[in-house]
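Novice: Provided herewith is a single structure, encoded as structure tokens, for subsequent inquiry.
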């Protein structure tokens with residue numbers, strides 16, 4: 001809805017600092033908006049408010065000591081980040097992982113992905129001014145968090161991965177509880193569809209708003225549901241399969257429109273695919289040890305061979321990569337984290353101009369940013 | 001007391017008594033109503049969202065809003081340095097005034113309206129548009145970009161939605177043949193298939209348009225864009241704290257009650273109900289029941305829908321509601337002409 005030609009005339013426009021303290025900037029993002037009335041002329045994200053130097057910290061800690069840091073990069077899908085670090089180190093050190101741990105990791109990671117998407121749906125609808133779905137989503141998410149807590153002991157910032165397996169085994173009752181949670185999630189889906197997807201106001205706010213083309217996404221390095229909402233079926237779990245993912249059947253939901261609604265739809269469908277994966281994994285969950293017998297664990301000082309290695313996983317937000325450079329010591333010489341939210345935020349400068357302030361909130365929400373992950 | 005007696009018995013006479021009863025009664029009830037409505041809203045929100053709402057202070061949390069009000073009373077009043085001080089301080093006082101005046105015009109029973117005027121309806125429509133002035137003053141004087149945006153949105157919104165509300169009201173006036181609210185209720189109702197029905201039944205479209213319009217005029221979701229929290233932080237009241245903020249809150253809920261009462265009077269038969277002729281005291285009870293029904297539907301909508309975008313809000317008013325309301329008015333006039 002562009003009513004005027006774009007302008008940067010300083011007499012015509014004014015700047016509005018959205019954030020870092022603002023209800024809809026999800027943490028500490030600051031958006032420097034140049035506005036003409038309510039219309040956005042330019043949008044410039046200013047980041048760095050929660051920079052904690054995770055990469056530098058990695059250089060000063062052993063591989064095991066860095067374990068808890070990983071889930072604090074993206075506190076909404078911490079399990080996935082935690083396992084990514086563990087798997088990156090395992091791959092470089094050549095540590096074998098028992099079958100049971102591999103499948104259990106998939107189950108836990110997918111539950112974490114659903115929890116992350118649920119939280120996103122709630123927060124996104126809150127951005128659009130609908131407070132009620134938030135509570136429903138949190139009710140569902142709570143069930144998942146209880147489940148994950150029963151296995152890992154923590155609710156948000158997990159550190160349950162171990163080099164060569166898991167810190168704790170899935171107990172005998174776990175599959176039953178997991179299936180209960182899945183049944184609860186399934187029962188809610190039609191309700192979400194009626195309350196959100198079929199709502200005429202939601203559709204008007206989401207369809208055709210904040211369109212990102214395939215080329216824009218690619219030139220900025222956008223990944224995850226945001227990219228898949230622009231019609232690119234790229235998912236690390238399929239593109240470069242890792243862990244136990246190759247043995248499960250699942251689809252990559254994509255939508256060609258690239259608007260806010262497409263991103264919403266992709267995430268909703270992804271939750272359904274995650275449930276599919278979990279159900280297969282629960283059926284196939286093998287017995288045996290959950291931690292490689294005689295494995296290194298966390299106590300001993302693990303030394304990686306000299307070399308450089310890149311390992312990527314699909315987090316709830318997209319392509320999460322870990323570049324490890326080892327010089328043979330107990331600490332990495334360099335650890336670089338490629339976090340998906342960073343490019344997903346950068347692309348907003350393309351999507352926002354020409355829209356209204358209310359759209360800016362919707363577009364920002366639709367990319368599912370976690371600011372600590374952008375800043376690291 | 002003697003001074004009071006002198007005033008009541010003196011030259012002011014009945015007028016003084018009416019004034020006193022009116023001011024005390026209306027102020028008292030409106031204060032109670034705000035406390036009740038905020039509690040009700042939180043309860044409705046709670047139950048819609050699968051939780052209980054306030055439960056701790058008093059049985060089912062009925063005293064929660066009293067506690068909140070006391071807390072707000074005790075808060076420090078902050079005035080930002082860069083404000084337009086006079087206007088900034090005036091706005092929260094002014095926001096309450098038009099609503100108060102409107103409240104005194106709603107007929108409560110067969111002979112019970114604090115001010116019974118021949119053109120009551122027109123005065124109400126005029127006054128209810130004034131609230132937006134205070135809102136814009138608050139937004140402008142705060143010297144805050146979010147507040148100015150909220151104020152500007154509010155003006156545009158109220159201007160747009162007053163028109164369909166007025167047109168919907170006019171349709172009822174055409175059917176009823178009076179702009180006196182008291183007569184509007186007591187006049188013989190229109191008959192549908194021989195059964196007397198309230199105006200809402202013969203003017204369903206006007207009722208719907210009126211309801212949408214008052215939801216927008218009271219800045220309630222899904223039309224709460226002047227204070228859209230996720231966009232404008234607090235909108236026009238971003239810079240207000242303590243009791244000054246509470247005044248805006250007060251005004252919003254009072255507005256809901258008063259406009260809800262107007263809706264009940266116009267479309268749902270006002271204070272009329274079974275046995276009301278025999279027991280006059282039932283009049284206010286019926287009116288309040290109908291009013292709170294309207295208010296409940298407003299709350300229900302708020303906790304279900306997302307917020308509209310500003311341009312969608314405007315095109316909804318100008319491109320859909322106003323033509324519809326106009327068509328309804330013309331159709332009403334034609335039908336009445338044919339029947340006559």
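Novice: Any chance you could count how many residues in segment A:219-270 are out of contact with any strand residue (DSSP E or B) (no Cβ under 9 Å at 6 or more places or on another chain) and not in a helix (DSSP H, G or I)?
Specialist: 20
Novice: In addition: Among the candidates B:249, B:236, B:245, B:211, which residue alone is assigned to a helix (DSSP H, G or I), over 17 Å from the mean Cα position of the chain (by Cα) and surrounded by fewer than 24 Cβ atoms within 10 Å (Cβ to Cβ)?
Specialist: Of B:249, B:236, B:245, B:211, the one residue that is assigned to a helix (DSSP H, G or I), over 17 Å from the mean Cα position of the chain (by Cα) and surrounded by fewer than 24 Cβ atoms within 10 Å (Cβ to Cβ) is B:245.
Novice: Moving on. Name every residue in segment A:168-182 that is in contact (Cβ under 8 Å) with a residue 60 or more places away in the chain and assigned to a helix (DSSP H, G or I), in order of residue number.
Specialist: A:175, A:178, A:179, A:181, A:182
Novice: Residue under question is residue A:30, and the condition is that it be under 27 Å from residue A:292 (Cα atoms) and either away from chain B (no Cβ under 14 Å) or under 22 Å from the mean Cα position of the chain (by Cα) (or both); does it hold?
Specialist: no
Novice: Taking segment B:156-165 as the search range and keeping residues that are more than 14 Å from chain A (Cβ to nearest Cβ) and surrounded by fewer than 24 Cβ atoms within 10 Å (Cβ to Cβ), which one is nearest to the chain's Cα centre (by Cα)?
Specialist: Within segment B:156-165, the match that is nearest to the chain's Cα centre (by Cα) is B:162.
Novice: Still on this model: Identify, from the list A:87, A:38, the residue that is within 14 Å of chain B (Cβ to nearest Cβ) and either buried (at least 17 other Cβ atoms within 10 Å of the Cβ) or within 27 Å of residue A:312 (Cα to Cα) (or both).
Specialist: So the residue among A:87, A:38 that is within 14 Å of chain B (Cβ to nearest Cβ) and either buried (at least 17 other Cβ atoms within 10 Å of the Cβ) or within 27 Å of residue A:312 (Cα to Cα) (or both) is A:38.
Novice: Hey, another quick one. Just name the residue that is surrounded by the fewest Cβ atoms within 10 Å (Cβ to Cβ) out of those in segment A:162-193 that are in contact with a helix residue (DSSP H, G or I) (Cβ under 6 Å, 6 or more places away or on another chain) and farther than 29 Å from residue A:266 by Cα.
Specialist: Ranking the qualifying residues of segment A:162-193, first place goes to A:170.
One line per residue, one yes/no per condition, for (1) modelled with pLDDT of 85 or more; (2) crowded, with 24+ Cβ neighbours inside 10 Å; (3) out of contact with any helix residue (DSSP H, G or I) (no Cβ under 8 Å at 6 or more places or on another chain); (4) over 17 Å from residue B:166 (Cβ atoms):
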| position | (1), (2), (3), (4) |
| --- | --- |
| B:272 | no, no, no, yes |
| B:281 | no, no, yes, yes |
| B:284 | no, no, yes, yes |
| B:293 | yes, no, no, yes |
| B:319 | yes, no, yes, yes |
| B:324 | yes, no, no, no |
| B:327 | yes, no, yes, no |
| B:331 | yes, no, yes, no |
| B:339 | no, no, yes, yes |
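Novice: Okay, moving on. For residue A:354, only one of the following conditions fails: (1) out of contact with any helix residue (DSSP H, G or I) (no Cβ under 9 Å at 6 or more places or on another chain); (2) away from every other protein chain (no Cβ under 14 Å). What is its number?
Specialist: Of everything listed in (1) out of contact with any helix residue (DSSP H, G or I) (no Cβ under 9 Å at 6 or more places or on another chain); (2) away from every other protein chain (no Cβ under 14 Å), residue A:354 misses just condition (2).
Novice: Sticking with this structure for a sec: Looking only at segment B:179-199, which residues are under 23 Å from the mean Cα position of the chain (by Cα) and in contact (Cβ under 8 Å) with a residue 24 or more places away in the chain?
Specialist: Listed by number, the residues that qualify are B:179, B:180, B:181, B:182, B:184, B:185, B:186, B:198, B:199.
Novice: Looking at segment B:268-285, can you tell me whether even one residue there is more than 14 Å from chain A (Cβ to nearest Cβ), in contact (Cβ under 8 Å) with a residue 40 or more places away in the chain and over 26 Å from residue B:181 (Cβ atoms)?
Specialist: no
Novice: Using the structure shown, decide if residue A:148 is within 11 Å of chain B (Cβ to nearest Cβ) and crowded, with 18+ Cβ neighbours inside 10 Å.
Specialist: In short, no.
Novice: Turning to a different aspect of this structure: Taking segment A:134-167 only, how many residues are closer than 30 Å to residue A:195 by Cα and in a loop (DSSP other than H, G, I, E, B)?
Specialist: Within segment A:134-167, residues that are closer than 30 Å to residue A:195 by Cα and in a loop (DSSP other than H, G, I, E, B) number 2.
Here is a yes/no grid of residues against (1) surrounded by fewer than 22 Cβ atoms within 10 Å (Cβ to Cβ); (2) more than 14 Å from every other protein chain (Cβ to nearest Cβ); (3) touching a helix residue (DSSP H, G or I) at 6+ places or on another chain (Cβ under 7 Å):
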{"position": "B:122", "(1), (2), (3)": "yes, yes, no"}
{"position": "B:127", "(1), (2), (3)": "yes, yes, yes"}
{"position": "B:132", "(1), (2), (3)": "no, yes, yes"}
{"position": "B:146", "(1), (2), (3)": "no, no, yes"}
{"position": "B:150", "(1), (2), (3)": "no, no, yes"}
{"position": "B:154", "(1), (2), (3)": "no, no, yes"}
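Novice: Also: Does residue B:138 meet the test of being at pLDDT 85 or above, more than 14 Å from chain A (Cβ to nearest Cβ), touching a helix residue (DSSP H, G or I) at 6+ places or on another chain (Cβ under 8 Å) and buried (at least 19 other Cβ atoms within 10 Å of the Cβ)?
Specialist: yes
The values are calculated or read from the model by the stated rules, or taken from the named source; none is laboratory data. This structure is a prediction, so every number in the text was calculated from the model and none was measured. Cβ: placed from backbone, ideal geometry, glycine included. Neighbour counts: every protein chain shown.
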